[in-house]
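What follows is a short report on a single structure.
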Amino acid sequence: MQNVSDVITKPSARAVLERDFKSNDSLFRRYELEYQNAKANQLQLDLPSVVYSKSDSLDFKILAYTVDLQRGERFKIASNIPNDSLQLAIDLFSITNDSIIETKAIESNSPELNRLEFEVTKTGSYKIVILPNRRHSTDFGLNLFTEPTLVFPVSGKDNKAIQSFWGATRGGGSRLHQGIDIFAKRGTPVVAATNGFISNTGNRGLGGKQVWLRDGIFGQSLYYAHLDSIAVSGGKRVKVGDTLGFVGNTGNAKTTSPHLHFGIYTSGGAVDPLPFVKLNNPIDFENVLLSKTGETRLLKNELRIGASVKHTKLQDLKPKSQVEILGKTNRWFHLQVNDSLQGFMHESLVKEVE
């Protein structure tokens, strides 16, 4: 009956994991407290990152991090362990402008998958919370990264070709650059970054020879300007990768090297197109096995909110302070110091204890 019900209701992985202890009032109250404490921590995670951890069959071991995401990105989490070896419950929460974490998750993984995907439509901070199934004690890794939601608009080029960015001054400071400039040889094909239709073409104004591609999914318009020539006509339906025209320097770019000015316009105006097309490489998994506990090594041991020295220091721990190891990313341990304090500490300051 439960399986039939799940087919209809499609519960999240967390809802399924909670069934194991929901009938035990004291255990469930402890779980709720641990979950809320983790969700409310101050920890920040830079992307891309790989986080290693170990589930605990004796207790709840919940990971939670704040990540900054930009409109136009696709945020992804993937694990190196299949769900039939260790079920992970992954929830993503939005954070409001007044730093309040929403109660209801905006995206959750299903019980069949140890991964999550989320297309970002609003730039801001988000909270990711990961709950491993406490029935097992198993090492696992999580790869957290972003990828663009659109194809790079100049054939054969990548991030290195972008040499002018959103917000740069133009016209002696009279206006700001509402797009990015991608430099390439004259005649390099510019391509459809998404499926859609050509809403307009022409040779006019600052943009010179230009193409407007309407994205039917989000209703946004992609603007290709300074073209040397145009290869499509208005009303034509195009697919990802179709050639729309060729790189040039028409319009007000006639004194500059050939490049594509690429912009994105929505009902609310222009938005920064860089996150929509910026190419990112996720970090490869390594074979990392963690101890459950550790102790600090030096006279001064800095605990920070993020896994680098650029992040705010929470406090200094005394030598030989006992810590619980919740995870590790790059060369930084994610530590629990007491019931409420968590932070990152560089591996040089921590001795793992078996």
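T296 passes every criterion in (1) surrounded by 15 or more Cβ atoms within 10 Å (Cβ to Cβ); (2) closer than 27 Å to N80 by Cα apart from (2).
Suppose the filter is of a type in the set (S, T, Y), surrounded by fewer than 16 Cβ atoms within 10 Å (Cβ to Cβ) and within 30 Å of M345 (Cβ to Cβ); does S257 pass it? Reasoning before the result, please.
Numbers: of a type in the set (S, T, Y): yes; surrounded by fewer than 16 Cβ atoms within 10 Å (Cβ to Cβ): yes; within 30 Å of M345 (Cβ to Cβ): no.
It is false that S257 is of a type in the set (S, T, Y), surrounded by fewer than 16 Cβ atoms within 10 Å (Cβ to Cβ) and within 30 Å of M345 (Cβ to Cβ).
The residue that is modelled with the highest pLDDT, among those in region 43-60 that are surrounded by fewer than 16 Cβ atoms within 10 Å (Cβ to Cβ) and under 18 Å from E324 (Cβ atoms), is D59.
The residues of region 84-113 that are in contact (Cβ under 8 Å) with a residue 40 or more places away in the chain, in a loop (DSSP other than H, G, I, E, B) and either outside the structural domain of F285 (by TED's automatic domain parsing) or closer than 24 Å to K292 by Cα (or both), listed by number, are S85, L86, Q87.
Can you tell me which of I305, I264, I325 is among the β-branched types (V, I, T), surrounded by 14 or more Cβ atoms within 10 Å (Cβ to Cβ) and within 22 Å of E147 (Cβ to Cβ)?
Residue meeting the stated conditions: I264.
Counting only strands (runs of 3 or more DSSP E) that fall entirely inside region 114-225 and contain at least 3 residues that are surrounded by fewer than 15 Cβ atoms within 10 Å (Cβ to Cβ), the qualifying elements are 196-204.
If I filter region 260-268 for residues that are more than 28 Å from the chain's Cα centre (by Cα) and at pLDDT 95 or above, do I get at least one hit? Break it down into steps so the answer makes sense when it comes.
Within region 260-268, the subset more than 28 Å from the chain's Cα centre (by Cα) is none.
No - not one qualifying residue is present in region 260-268.
Can you confirm whether K10 is loosely packed, with under 12 Cβ neighbours inside 10 Å, in contact (Cβ under 8 Å) with a residue 12 or more places away in the chain and of a type outside the set (F, W, Y)? So K10 passes the test. Scanning region 30-56 for residues that are in a loop (DSSP other than H, G, I, E, B) and either in contact with a Lys or Arg (Cβ under 8 Å, 6 or more places away or on another chain) or not polar (S, T, N, Q) (or both) yields A40, L43, L45, D46, L47, P48, S55, D56.
Give V240, V277 a once-over and let me know the one that is crowded, with 18+ Cβ neighbours inside 10 Å and of a type outside the set (D, E, K, R). Outline the logic, then answer.
Values: V240 fails: crowded, with 18+ Cβ neighbours inside 10 Å.
Just one listed residue meets the conditions, V277.
Residue count for region 16-29 satisfying the condition of being free of Cβ contacts under 8 Å to residues at least 60 places away in the same chain and assigned to a helix (DSSP H, G or I): 6. In region 256-324, counting only strands (runs of 3 or more DSSP E) that sit wholly within it, none holds 1 or more residues that are of a type in the set (A, V, I, L, M, F, W, C) and on the phi > 0 side of the Ramachandran plot.
On inspection, R74 does not qualify as in contact (Cβ under 8 Å) with a residue 40 or more places away in the chain, over 21 Å from I264 (Cβ atoms), not polar (S, T, N, Q) and not assigned by TED's automatic domain parsing to the domain that holds Y223.
The values are calculated or read from the model by the stated rules, or taken from the named source; none is laboratory data. Here the structure is a predicted model, which is why all the values come from computation and not from measurement. Here the Cβ is made from the backbone with ideal geometry for all residues, glycine too, and neighbour counts use every protein chain on show.
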